[in-house]
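Worksheet for the structure shown next.
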Amino acid sequence: MAIISENNRLERRRYSNTQMRYSMLYVCITFAVLLFLNLYCSKITQQMIRQGKESSLMEKALFAASEIAGNDAVNASSVRTTITGIDGLLVTRLTVTDHAGKILYDTNGPRNVGSFALFPEIVDALDCNKVFTWNYRSGTIESRAAVPIMSYGNLIGCVYMMEYDTTQGALISSLEKNIFAITLILEVFVFLFSVAFSQVFSRRLRRILSSIRIIRSGDYSHKVFMGGHDELTYLGNEFNDLTD
């Protein structure tokens with residue numbers, strides 16, 4: 001009897017290990033799915049904000065470039081007069097250069113006028129390209145746009161704009177944190193549910209195994225009552241038919 005009891009204990013332990021493995025596998029799969037959804041939602045949100053930033057900043061840069069191109073002469077004085085007369089150019093930095101990259105106007109200060117601004121975006125714009133770059137890091141969005149200034153088909157300069165946005169950056173950061181917190185809460189519920197479900201399933205299965213041992217010991221009149229309407233109920237009914 002002691003040997004049989006020890007064998008039963010070992011069988012229950014092996015089954016419990018298998019049960020825990022399947023539970024953890026289920027938890028890991030759901031965690032991977034939720035993590036993917038989180039990353040996808042964050043990526044989509046950043047992409048939507050990026051498109052809005054690109055549209056807004058490029059529109060401002062193109063408008064400023066067209067206004068500057070309408071001057072008879074493009075120099076520091078004319079550019080300053082034109083830019084100060086335009087409403088709505090609310091950016092962190094606005095720089096206007098000539099065709100060689102020399103600064104004609106810079107909101108960072110008049111001390112920069114006359115020096116060269118060879119930022120990558122400006123270099124590309126002076127090659128007659130419209131450029132927009134975007135970067136999100138640590139709750140801050142940094143957007144840059146540069147467009148060439150064309151007059152009668154000739155390149156005469158470049159408009160460069162840079163914008164720091166901590167408001168929408170904080171929105172993305174808050175969204176990521178909230179989604180991550182929701183994921184952890186859902187994962188806890190999934191873990192508890194999987195453990196509870198596996199315990200119930202294990203209990204019903206052990207009932208069948210116990211009945212098999214009773215029949216094996218010689219009590220052929222024993223019946224197993226499973227309850228429910230699932231596969232284990234069907235197995236219990238088949239087991240009772242077999243003993244009859």
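The values are calculated or read from the model by the stated rules, or taken from the named source; none is laboratory data. From a predicted model like this one, the values you see are computed outputs, not experimental measurements. Note that each Cβ is placed from the backbone with ideal geometry, even for glycine, and that neighbours are counted across all protein chains shown. Remember, those area values only see protein heavy atoms, side chains included, never the ligands or the DNA or RNA. Shrake-Rupley method; radii C 1.70, N 1.55, O 1.52, S 1.80 Å.
A few points about this structure:
- Loop trypsin sites (Lys or Arg not before Pro), the range 180-243 (other Cβ atoms within 10 Å of the site Cβ: 14 or fewer; DSSP): 223
- Exposure ranking of 161, 150 by accessible area [1.4 Å probe, largest first]: 150, 161
- Helix-derived mean residue ellipticity, 222 nm - over the chain, DSSP H n ≥ 4, -39500 (n - 2.57), to 500: -21500 deg cm²/dmol
- Accessible surface area normalised per residue over the range 51-157 is 52 Å², counting heavy atoms of protein chains with a 1.4 Å rolling probe.
- Taking amide H atoms as placed 1.01 Å from N in the peptide plane, the amide H of residue 149 lies under 5 Å from those of 156, 157, 158, 159, each 5 or more residues away in sequence or on another chain.
- Cα-based radius of gyration for the range 46-94, normalised by 2.2 N^0.38 Å, reads 1.33.
- Fraction of accessible area attributable to carbon and sulfur, the range 145-244 (%, probe 1.4 Å): 65 percent
- Around the Cα centre of the range 12-104, unit charges on the Cβ atoms of Lys, Arg, Asp and Glu (plus for the first two, minus for the last two) sum to a dipole of about 1300 debye.
- Range in the chain, longest, excluding exposed chymotrypsin sites (Phe, Trp or Tyr not before Pro) [loop by DSSP; at most 15 other beta-carbon atoms within 10 Å]: 1-151
- Note, ³J(HN,Hα) from phi for the range 113-127, Karplus 6.51, -1.76, 1.60, rounded to Hz, x at Gly and Pro: 4, x, 8, 9, 10, 9, 5, x, 5, 5, 4, 5, 5, 6, 9
- Electrostatic dipole magnitude of the chain [Cβ: Lys, Arg +1; Asp, Glu -1; Cα centre; debye, to 20]: 1300 debye
- Surrounding net charge for residue 68, when Lys and Arg each add one and Asp and Glu each subtract one, Cβ distance under 12 Å: -2
- Sequence-distant lysines (8 or more away, or on other chains) whose Cα lies within less than 25 Å of residue 130: 43, 53, 60, 102
- By the Cα gyration tensor, the range 80-199 has an equivalent ellipsoid whose semi-axes, rounded to whole angstrom, run 48, 15, 11 from largest to smallest.
- Cα pair distances of the range 76-123 binned at 5 Å [whole percent]: 5, 22, 32, 25, 14, 2
- Highest GNM mean-square fluctuation among 84, 95, 45, for the chain modelled with Cα contacts below 10 Å: 84.
- Stokes-Einstein D for the range 15-105, Kirkwood Rh over Cα pairs, 10 °C, 1.306 mPa s (µm²/s): 90 µm²/s
- Normalised by the number of residues in the range 68-207, the average gap of Cα pairs under 8 Å and 6 or more apart makes the relative contact order 19 percent.
- Extension gain for residue 21 to residue 56 (0.36 nm times residue separation, less C-alpha to C-alpha distance): 7.4 nm.
- Within the accessible area of the range 30-105 (1.4 Å probe), percent carbon and sulfur: 59 percent
- The range 133-244, Cα convex hull volume normalised per residue, Å³: 201 Å³
- Stretch gain in nm, segment residue 108-residue 212, where the contour uses 0.36 nm per residue and the Cα spacing is subtracted: 28.9 nm
- Environment charge at residue 93 (Cβ cut-off 10 Å; Lys +1, Arg +1, Asp -1, Glu -1): -1
- Sequence-distant contacts, meaning Cα pairs under 8 Å at least 6 residues apart, place the relative contact order of the chain at 18 percent.
- Kirkwood Rh, Cα atoms: Rg over Rh of the chain: 1.47
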